[in-house]
Structure formats: C-alpha cells, structure tokens
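**Student:** Below is the structure I would like to discuss, written out as structure tokens.
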Amino acid sequence: MNLTRRSFIKKSTMAASAMGTITILPRRVWSASVAPSDKVNVALIGCNNMGFGILGHHLDTQMVNCVALCDVDKNVLNAKAQEVKNRYGQQPVLYGDYRQVLERNDVDAVIIGTPDHWHCLIMVDACQAGKDVYVEKPMANTIGECNIMVKAAKKYQRVVQVGQQQRDSKVFKDVMNLIKSGEIGKLRKVNIWANFNYGLGAIPRPDSEVPPGVDYDMWLGPAPKRQFNPNRFHGSWRHFWDYGGGLMSDWGVHLIDMGLWITDLVEGPEKVITYAANLCPKTMHRDTFDTMNVIFPKKDYVITWDMTAGIQQGPFDSSYGVQFIGDNATICADRLKYRLYPEWDEEKKTPKAKAVSYDKGSESHRQHVDNFLHCVKSRETPSCPPEVGRAAALHAHISNIAGRVEQTVLEWDDVNNRFINCERANELIFPEYRKPWHLPEI
Ligand SMILES: NC(=O)c1ccc[n+]([C@@H]2O[C@H](COP(=O)([O-])OP(=O)(O)OC[C@H]3O[C@@H](n4cnc5c(N)ncnc54)[C@H](O)[C@@H]3O)[C@@H](O)[C@H]2O)c1
C-alpha cells in the first residue's frame with residue numbers, strides 16, 4: 001500500500017468519523033485487479049507451521065505481496081522462502097531479527113507466527129512502527145502482556161486481528177445466530193470438551209547442542225535462559241510455562257471464545273473454579289496439566305471446560321466441541337458440523353424448536369485472513385480484535401494459574417487487573433523478561 005493510499009485512508013477515516021458514519025472504502029479500489037503497488041505488503045515473523053499457513057491464506061487472495069520472511073531458524077527460513085518462490089513466484093527478503101523487518105517503510109502488516117512468549121513484544125513493536133498485525137492465538141502467554149497489547153493497538157490505532165479464526169467460521173456464525181435469535185430458548189450452559197493426544201507433550205529427550213542455523217538466544221528472547229532441548233523447541237514448546245499454556249491455552253482460547261461470543265462478553269472471568277492435575281501414567285516431558293475441569297460462572301449461565309490430554313476420542317464423534325444447552329433445545333458444534341436437538345413440548349405435543357443439521361463446515365483461517373485484509377484497507381474493527389483475544393486468553397491463563405498455585409477458586413477483578421483472593425496468583429500476572437528484553441510500557 002503506498003503512502004498516498006495511507007493518507008487517503010486516514011483522511012477518509014477522520015472525515016467519516018466526524019460525520020458519525022462508518023468508514024467503508026469503495027470495494028473497487030481494493031479489487032483483485034488492482035496494480036501490484038496497491039497490494040498489501042506483508043511480512044511473516046515466525047515461519048514454521050501456523051505462521052506459514054496464515055501467510056499462504058494471505059497470498060492465496062492475490063491481494064498481498066510477501067516482502068519479508070523472518071525466522072530465527074535459518075533451516076525454516078530458507079525452506080519457506082523456497083516454497084513462497086515455488087508456489088507464488090515471490091522472493092521476499094529474509095531476516096533473522098524482526099526489528100529489521102519493522103524498520104522497513106514498505107511493510108504494511110505483519111503476521112506473528114512465533115511461539116506465544118514472543119507475541120507481546122513483537123506486536124507492540126510492530127504497532128509502534130505503524131504496522132497492522134495479525135497475531136496468532138493465544139494473544140499472549142500472560143495476562144499482563146494481553147493488557148499491554150490491548151493498550152498498544154488503541155494507542156497506535158492499528159488494525160489487530162487475533163488468530164481465533166472460529167469468529168469467521170460458517171458453523172459458529174450459524175450457531176451464534178440461532179442462539180441469539182432465541183431458537184434454543186434461554187441459554188443455561190456452554191459445555192466444552194477438548195481431548196487431544198498431543199497435549200501430553202513429547203517423550204523425554206536429553207538436552208543437546210543447538211542445531212546448526214538456529215539463533216537459540218533469539219528464540220528464547222524474553223524467556224529464561226536454558227540449555228537447548230528439542231522438546232522445548234519447534235511445536236512442543238507449547239507444553240512449557242515459559243512459552244505456552246498447554247492444551248488449556250492452545251484450544252481453550254478457541255473454544256471458550258464461543259461461550260463468550262454468545263453473550264458478547266469481552267471481560268476476564270470474575271470467578272474460576274478449577275481442577276487441574278496430571279493423571280496420565282505415561283512419563284512425558286512437559287510442565288502443563290493433562291487433566292483439567294474448569295467452571296466459569298457467568299451472570300445467568302455457566303461455561304464449563306473439560307480437558308483430557310492423551311485421550312483422542314470424544315462425544316459427537318469429535319475430540320473437541322461445544323454444547324450449548326437452552327430451555328428449548330441443545331446445539332452441539334465442532335468446526336465441521338452442528339446439530340440442533342429440540343426439547344419435546346408435552347402440552348402441545350410438538351418439538352420446542354426446529355431440528356437442524358449441518359455438516360459442510362471447514363477450517364476458517366482463510367475467512368479470518370479475508371476479514372483482516374478487508375479491515376487493513378477499510379480501517380474497520382476486525383472480527384477478533386485485541387479485547388476479544390484478551391478475554392479468551394484470560395479465561396485460559398487464570399485456569400492455568402489456579403492449577404499452578406493449587407487454589408481451586410480464584411476471583412479476578414477485571415477493572416483493576418488483580419486477583420482478589422490470592423497473592424501467589426498475582427505474582428503470575430506478569431512474566432519476568434530476561435535482559436536485555438523489557439516488558440513494553442504503554
Ligand atoms: N489459530 C490456530 O488454529 C493455530 C494453530 C496452531 C498454532 N497456532 C499458534 O501459532 C503460533 C505458532 O505455532 P506453531 O505451531 O507454528 O509453532 P512452531 O514452533 O512450529 O513455529 C514457530 C516459529 O517461530 C520461530 N521463532 C521463534 N522465535 C522467533 C523470533 N523471535 N523471530 C522470528 N521467528 C521466531 C521459530 O523458529 C519457528 O520457526 C503459536 O502462537 C500457536 O499457538 C494457532
């Protein structure tokens with residue numbers, strides 16, 4: 001996007017907001033047939049798995065130039081650069097330090113696909129540098145970092161999309177519409193289950209030399225210094241508190257988000273009742289829990305979380321899913337399908353709702369990326385802004401904190417960002433950044 005276009009957007013936004021209208025740029029300005037110079041220039045930071053998938057969805061729109069790839073592992077960086085060249089005919093410049101990417105004036109937006117412990121620093125630096133951001137979920141690895149990121153997006157007026165792509169899924173949009181239109185009657189419960197083998201972590205392996213081509217100090221970044229261990233690296237880092245929150249935050253943010261979206265809640269939980277343990281007899285390498293049940297009481301309904309790592313089967317023919325229970329009907333949903341099961345009206349001898357069945361759903365990363373790109377251009381608020389990402393992440397992080405401090409009931413003051421009834425939990429709100437990195441101040 002060139003500077004002329006940027007100032008045009010800014011002027012349009014200001015003029016439209018002065019008139020109290022929503023800013024929507026004419027679609028044709030942004031059609032796929034625009035000149036390459038009008039495409040959005042994106043850079044990917046953290047290229048291995050999900051980040052690269054998300055970049056692919058950007059490039060598939062044909063509305064995007066990939067101008068830079070950044071990874072601290074040269075093996076990943078070179079392989080992904082080759083793939084971008086082969087699949088899309090583009091040759092981004094390659095970097096090992098994201099700060100050099102942010103110095104480039106031609107980068108409009110960055111995709112952050114690093115492990116969770118890096119999200120906050122890179123996102124805040126990107127916002128400061130005037131870039132829009134697609135940051136993978138969970139928004140950050142701690143409560144304190146989530147709060148900082150919400151402030152940064154506001155202060156620097158950036159478009160920030162958190163990678164909770166179910167917000168753009170046909171299945172879950174349908175489910176939200178059915179429930180919000182009253183189809184299942186008064187909502188009473190949102191029961192969530194998540195069973196995944198990978199949640200147990202990896203088979204223990206000894207510490208080893210850092211693989212050639214890896215800048216391990218930069219991979220650790222603000223996290224504590226440690227000897228390299230392959231289990232704490234690509235992919236399986238998510239089972240260690242220094243970098244992730246296990247299944248609870250990996251899947252929790254996606255699924256609990258559905259229980260918050262249904263009533264448009266964008267706050268952390270007032271109260272969390274948690275059972276967290278390691279009950280699987282296998283010896284695996286991880287910090288995080290393999291078994292968790294959590295109750296999140298809401299004003300007039302309840303969300304429950306039922307998680308079992310090392311188990312892959314679940315009800316509704318799915319390892320994960322969400323069950324919405326209302327007075328008139330129950331809806332079960334996963335990413336591919338949903339069913340509405342009506343209650344029976346004894347007096348009228350009719351079902352209390354219309355049975356619905358849909359099984360043509362799909363993963364919705366592409367739709368989530370479309371929404372992000374639309375918002376980059378229109379300056380509208382994306383489908384999963386930082387406030388929404390924060391609310392989901394806090395539900396996951398507070399449950400993990402309850403397990404870590406071994407306190408069943410935690411009470412959270414979302415205005416003052418403090419636990420009311422546990423000082424040890426308060427100590428886990430912020431991470432301690434390893435020097436020379438500093439927790440950003442906004
Ligand atoms: N939305 C979803 O459905 C979904 C699914 C999977 C993963 N994710 C999220 O995507 C993120 C990445 O997960 P993954 O499974 O791809 O992890 P991964 O370990 O496979 O990839 C992370 C990459 O980031 C690189 N990296 C680490 N620090 C870096 C830094 N400072 N600068 C540049 N690169 C750096 C690593 O070298 C690695 O190549 C996580 O936040 C994860 O939770 C989201």
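**Student:** Give me the extension gain from ASP38 to MET50: residue separation times 0.36 nm, minus the current Cα-Cα distance, reported in nm with one decimal.
**Tutor:** 1.7 nm
**Student:** Can I ask one more? Once phi is turned into θ = phi - 60°, what whole-Hz ³J(HN,Hα) does the Karplus curve with 6.51, -1.76 and 1.60 give for every residue of region 374-391, x standing for Gly and Pro?
**Tutor:** 4, 6, 4, 7, 8, 6, 6, 7, x, 5, 10, x, x, 4, 6, x, 5, 4
**Student:** Could you pull out every residue, at least 5 positions away or on a different chain, whose amide H is within less than 5 Å of the one on GLY321? Hs are placed 1.01 Å off N in the peptide plane, and Pro or chain starts have none.
**Tutor:** TRP193
**Student:** Can you give the helix-only mean residue ellipticity at 222 nm for the chain, where every DSSP H stretch with n ≥ 4 adds -39500 (n - 2.57) and the sum goes over all residues, rounded to the nearest 500 deg cm²/dmol?
**Tutor:** The per-residue figure over the chain is -9500 deg cm²/dmol.
**Student:** Give me the aspartates and glutamates in straight-line cross-link reach of LYS74: C-alpha distance below 17 Å, same-chain residues under 8 apart excluded.
**Tutor:** Candidates past the 8-residue exclusion: GLU83, ASP97, GLU209, ASP215, ASP217.
**Student:** Taking DSSP loops as anything outside H, G, I, E and B, show the longest stretch in the chain free of GluC sites (Glu not before Pro) there with at most 11 other beta carbons within 10 Å.
**Tutor:** My reading of the result: 210-345 is the longest stretch.
**Student:** Whole-Hz Karplus ³J(HN,Hα) for region 226-242, in order, using 6.51 cos²θ - 1.76 cosθ + 1.60 and θ = phi - 60°, x for Gly and Pro?
**Tutor:** Calculated HN-Hα couplings, in order: 8, 5, 5, 9, x, 6, 9, 10, 2, x, 8, 4, 5, 9, 10, 4, 4 Hz.
**Student:** Using amide H atoms built in the peptide plane, which far-off residues or other-chain residues are under 5 Å from LYS352 H to H?
**Tutor:** GLU343, TRP344, ASP345
**Student:** Using the basic label-point model (7 angstrom from Cα toward the beta carbon), what is the ALA277 to VAL93 distance in nanometres?
**Tutor:** That separation, rounded to one decimal, is 5.6 nm.
**Student:** Turning to a different aspect of this structure: Could you tell me what percent of the DSSP beta bridges with both partners in the chain are antiparallel, to the nearest 5?
**Tutor:** 60
**Student:** Another question, then. Using +1 on the beta carbon of Lys and Arg, -1 on that of Asp and Glu, and nothing else charged, what's the dipole of the chain about the Cα centre, debye to 20?
**Tutor:** Using Cβ point charges on Lys, Arg, Asp and Glu, the chain gives about 1160 debye.
**Student:** What distance in nm separates the two pseudo spin-label positions at ASN197 and LYS352, each 7 Å out from Cα along the beta-carbon direction?
**Tutor:** 4.0
**Student:** Sticking with this structure for a sec: Counting other Cβ atoms within 10 Å of each Cβ, which trypsin sites (Lys or Arg not before Pro) in region 109-210 have at most 15 and sit in a DSSP loop?
**Tutor:** LYS186
**Student:** May I ask for the net charge around VAL42, where only other residues with Cβ less than 11 Å from the Cβ of VAL42 are counted and Lys, Arg are +1 while Asp, Glu are -1?
**Tutor:** -1
**Student:** Please list VAL159, VAL302 in order of solvent-accessible area, largest first, computed with a 1.4 Å probe with all protein chains present.
**Tutor:** Ranking VAL159, VAL302 by accessible area, largest first, yields VAL302, VAL159.
**Student:** For LYS352, which lysines qualify as cross-link partners when the Cα separation must be under 21 Å and same-chain residues fewer than eight apart are set aside?
**Tutor:** By straight Cα distance, LYS352 reaches LYS180, LYS186, LYS189.
**Student:** Using protein chains only and a probe of 1.4 angstrom, how many square angstrom of ILE262 are accessible, to the nearest 10?
**Tutor:** Spelled out: ILE262, probe radius 1.4 Å, area about 10 Å².
**Student:** Now for a different question. For region 404-421, in order, what is each residue's ³J(HN,Hα) by Karplus, 6.51 cos²θ - 1.76 cosθ + 1.60 with θ = phi - 60°, in whole Hz (x at glycine and Pro)?
**Tutor:** Values, residue by residue: 5, 8, 6, 10, 4, 10, 10, 10, 10, 9, 6, 7, 9, 6, 9, 7, 7, 10 Hz.
**Student:** If you don't mind, another one. What distance in nm lies between label points placed 7 Å from Cα along the C-beta direction at GLU83 and MET218?
**Tutor:** 2.0
**Student:** Right, next: In debye, nearest 20: dipole of region 322-442 around its Cα centre with unit charges on the Cβ of K, R (+) and D, E (-)?
**Tutor:** 600
**Student:** Could you pull out every residue, at least 5 positions away or on a different chain, whose amide H is within less than 5 Å of the one on SER383? Hs are placed 1.01 Å off N in the peptide plane, and Pro or chain starts have none.
**Tutor:** Those qualifying (amide H under 5 Å, at least 5 residues apart or on another chain) number zero.
**Student:** Shifting gears a bit: From the residues LEU247, TYR275, TRP261, which one has its Cα farthest along the dipole of region 194-323 in the positive direction, the dipole being from +1 and -1 charges on Cβ of Lys/Arg and Asp/Glu about the Cα centre?
**Tutor:** In region 194-323, that residue is TYR275.
**Student:** Here's a follow-up. Starting from the Cα-Cα distance between LYS225 and LYS173, subtract it from 0.36 nm times their residue separation and give me the gain in nm to one decimal.
**Tutor:** Gain in length upon complete extension: 14.4 nm.
The values are calculated or read from the model by the stated rules, or taken from the named source; none is laboratory data. In this text the structure is predicted, and so the values were computed from the model without any measurement. We place every Cβ from the backbone using ideal geometry, glycine too, and count neighbours over all the protein chains shown. The protein model used for the area step is the full one, side chains on, heavy atoms only, and it has no ligands, DNA or RNA in it. Shrake-Rupley method; radii C 1.70, N 1.55, O 1.52, S 1.80 Å.
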